[in-house]
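The values are calculated or read from the model by the stated rules, or taken from the named source; none is laboratory data. Please read all numbers here as calculations on a predicted model, not as lab measurements. Backbone-built Cβ (ideal geometry, glycine too); neighbour counts: all protein chains shown. Side chains included, ligands, DNA and RNA excluded: accessible areas come from the protein's heavy atoms. Shrake-Rupley method; radii C 1.70, N 1.55, O 1.52, S 1.80 Å.
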Amino acid sequence: MTEHEIFFELLGQRFDGTLDAAGERRLREHLASCPQCRELYACLVQARGALDFQVTPPPELEARVMGAVRRENRQRRQRRQKTVGVLVGVASAAAILAVTLIPGYLRLTAGMARDEDAAPSPCMDGDLREAPPDEADDSPAPEDGDFVDQVPGDSLKPDGSDGQSELAPYAPTSQDTTDNPTIPGESLPPGSGGEVPEPADTDLVNVLDYIPDIYVDLRYATEDNFTGQVIYDFTQARLRYGTVKKLMAVMEELREEGYSLKIWDALRPVSAQYKLWEICPDSRYVANPNNKGSTHSRGGTVDLTLVYSDGFEVEMPSGFDEFSALADRDYSDVSPQAGENALMLERIMTAHGFIPYEAEWWHFTDSTTYDIVE
Amino acid sequence: MTAAQERSVIAAAQRGDDQAFELLVREHQKNVYNLAFKLTGSEEDALDASQDAFLRAFQNLKSFRFESRVSVWLYRLTYNASMDIIKKSRRGRIVPLPTDEEGSELDIPDDAPPPEEAVQRREELESVRRAVLELDPDKRRIILMREYQNMSYTAIAQALGVEEGTVKSRLARARMALAEKLKKNGTFSGETQSNKQMGKKEGRDRM
Ligand SMILES: [Zn+2]
Ligand SMILES: [Zn+2]
């Protein structure tokens with residue numbers, strides 16, 4: 001097995017959450033030394049993100065399938081009744097009675113069917129195979145006769161049609177509502193009393209409302225950034241709710257280890273990107289808003305660093321927005337501890353659906369893409 | 001549904017009980033339809049494939065031997081039905097490439113352009129879909145089982161008749177092959193690759 005193959009086995013364990021410390025070290029070493037696997041890794045993380053959605057089957061599916069199934073079952077039953085006679089009808093009546101998910105009840109009804117089969121019946125004396133279907137109505141078990149005549153599916157058709165239509169009316173069931181995501185109580189905005197509906201994934205929210213113990217130091221809302229000027233007219237770190245949910249998962253993992261995150265930049269509306277570009281119109285330092293712009297303008301990108309749970313910054317490869325080779329994700333030029341920390345941040349962020357940006361160790365983008373915010 | 005409940009329901013459905021079969025459809029339609037959608041990439045084809053899969057299940061219900069869970073059996077039927085539809089559409093009509101600029105413009109009504117993110121998601125799904133279909137069948141199958149259907153290693157091992165350790169190493173190779181296809185096809189190079197190229201010149205763009 002090649003080193004690359006071993007890397008992918010370790011990666012599988014990381015996806016499963018079963019990778020031990022030694023494996024994690026080995027995986028990081030390979031990531032740091034193999035640009036090829038870094039790229040493959042990024043592709044794979046994105047692909048997993050692209051598959052990470054659910055669609056709801058249209059109601060026609062069940063209606064169409066069941067329309068065909070009922071028709072087929074009825075035909076089969078009629079064929080059997082012509083040749084086999086009424087006992088089959090009794091057996092299928094037992095099956096119909098047994099429509100329940102409780103196995104005990106199922107056994108009970110099955111047992112009842114057997115008892116009835118064994119009980120003396122006028123049918124037992126005659127030749128069962130030749131009993132015409134009409135005689136079923138004369139049998140001493142009228143409820144069985146009812147079941148034989150009534151195809152259960154027909155009761156679902158209020159229009160009294162014969163059930164031949166493929167598009168039976170769709171009856172919503174309790175299962176239809178089970179897909180609604182539940183709101184984790186602790187993620188609700190403070191003071192909401194739990195009554196506020198959960199935002200949509202595309203809603204822009206204030207990160208602190210949902211992750212109260214995250215640190216926010218929005219550099220572009222202060223003069224403490226490379227331009228020396230205040231760029232933002234707001235002070236909240238805002239992101240898409242879908243992205244915040246991923247950050248929640250990251251934080252959950254970090255809390256256990258005694259760490260937290262500090263956000264340096266989050267949503268940067270296009271207007272703010274223009275302001276940056278006016279001050280510094282050089283794409284080596286600022287993404288050109290007239291071209292592709294910055295991923296920060298989509299609300300799924302965040303600049304952050306690892307801090308201890310008390311907010312004290314952990315050693316990292318460089319400062320925020322440092323324009324040197326130290327800022328990229330090649331950690332061979334920084335202290336082992338800084339490289340280790342940056343890789344830890346990278347590992348946790350990617351494990352929860354973020355894509356690291358090669359040129360800036362602090363910059364992560366949600367694998368789900370959002371629209372640009374003007 | 002527990003395995004025991006599933007047995008009872010299947011047994012009832014085998015005896016011709018419509019409502020028992022309906023329980024199976026309700027229980028599994030979401031997973032079946034999602035797999036079909038992610039494989040065929042279209043709502044219409046996904047509906048057809050799911051319907052085919054359930055009807056094939058119904059027709060072969062008598063031969064179901066409880067050797068595997070119903071879900072595994074249904075997935076196989078869904079996969080086959082989806083592949084049949086994909087093959088037919090390849091032969092019968094020219095499917096416009098969704099990433100093709102002109103082709104996608106045709107689908108967009110003037111008054112209501114779909115949000116850019118929806119288009120992008122669709123493109124991403126399409127790229128994954130294509131890369132997965134390009135994999136050789138053994139690799140594709142194990143990717144589907146793990147990445148699309150979230151099957152446990154035990155269930156995959158059972159379905160393939162191999163040890164769990166073998167499942168993991170095969171999955172690793174399949175993931176690697178998939179990543180290579182994705183990289184080759186280009187949609188998923190994203191920031192990482194474009195900035196690698198930038199890096200060759202004079203430094204990378206700031207974000
Ligand atoms: Zn490698
Ligand atoms: Zn950034």
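Rounded to the nearest whole Hz, the Karplus-based 3J(HN,Hα) values (6.51 cos²θ - 1.76 cosθ + 1.60, θ = phi - 60°) of the range A:353-358 follow the sequence x, 10, 10, x, 8, 4, with x at glycine and proline. Per-residue mean of foreign Cβ neighbours for B:43-53 is 3 (Cβ atoms of other chains, 10 Å radius).
The modelled label-to-label distance for the pair residue A:196/residue B:88, using points 7 Å beyond Cα in the direction of Cβ, is 5.0 nm. Taking amide hydrogens as placed 1.01 Å from N in the peptide plane, the amide H of residue A:260 sits under 5 Å from those of A:307, A:308, A:309, each at least 5 positions away in sequence or on another chain.
Remark: the range B:146-191 is approximated by an ellipsoid whose semi-axes, taken from the C-alpha gyration tensor as √(5λ), come to 27, 11, 7 Å, largest first. Computed with a 1.4 angstrom probe on protein heavy atoms, the B-A interface buries about 7200 square angstrom of accessible area in total. Extension gain for the segment residue B:160 to residue B:123, taken as residue separation times 0.36 nm less the Cα-Cα distance, is 10.2 nm to one decimal. Label the range A:3-57 by shape, choosing from rounded, prolate and oblate, from the square roots a ≥ b ≥ c of the eigenvalues of the Cα gyration tensor; if a/c is under 1.5 it is rounded, and otherwise prolate applies when a/b is larger than b/c, oblate when it is not. Taking the square roots of the gyration eigenvalues as a ≥ b ≥ c, the range A:3-57 is oblate. Rounded, prolate or oblate: which one fits the range B:1-94, using the alpha carbon gyration tensor with axes a ≥ b ≥ c (rounded when a/c is under 1.5, else prolate when a/b beats b/c, else oblate)? Note, shape of the range B:1-94 comes out prolate. Here the range A:216-365 was treated as a single set of alpha-carbon atoms; its pair distances binned every 10 Å from 0 give 11, 42, 37, 10, 0 percent.
Over the range A:251-296, the hull volume per residue, using the convex hull of the C-alpha atoms, is 97 Å³.
Taking amide H as placed 1.01 Å from N in the peptide plane, the amide H of residue A:287 sits under 5 Å from that of B:206, each at least 5 places away or on another chain. With r defined as the distance between the Cβ atoms of residue A:13 and residue A:82 and R0 fixed at 51 Å, what FRET efficiency is calculated, to the nearest 0.05? Plugging the Cβ-Cβ distance into 1/(1 + (r/R0)^6) gives 0.25. Close amide H pairs (under 5 Å, H built 1.01 Å from N) link residue A:203 with A:241, A:242, residues at least 5 positions away or on another chain.
Peptide A:360-372 is shielded by partner chain Cβ atoms: per residue, an average of 3 of them sit within 10 Å of its Cβ.
Holding the Cα-Cα limit at 32 Å, pick out from A:275/B:38; A:246/B:88; A:262/B:139; A:245/B:87; B:87/B:183 the pairs that are longer than that. Violating the 32 Å Cα-Cα cut-off are A:275/B:38; A:246/B:88; A:262/B:139; A:245/B:87.
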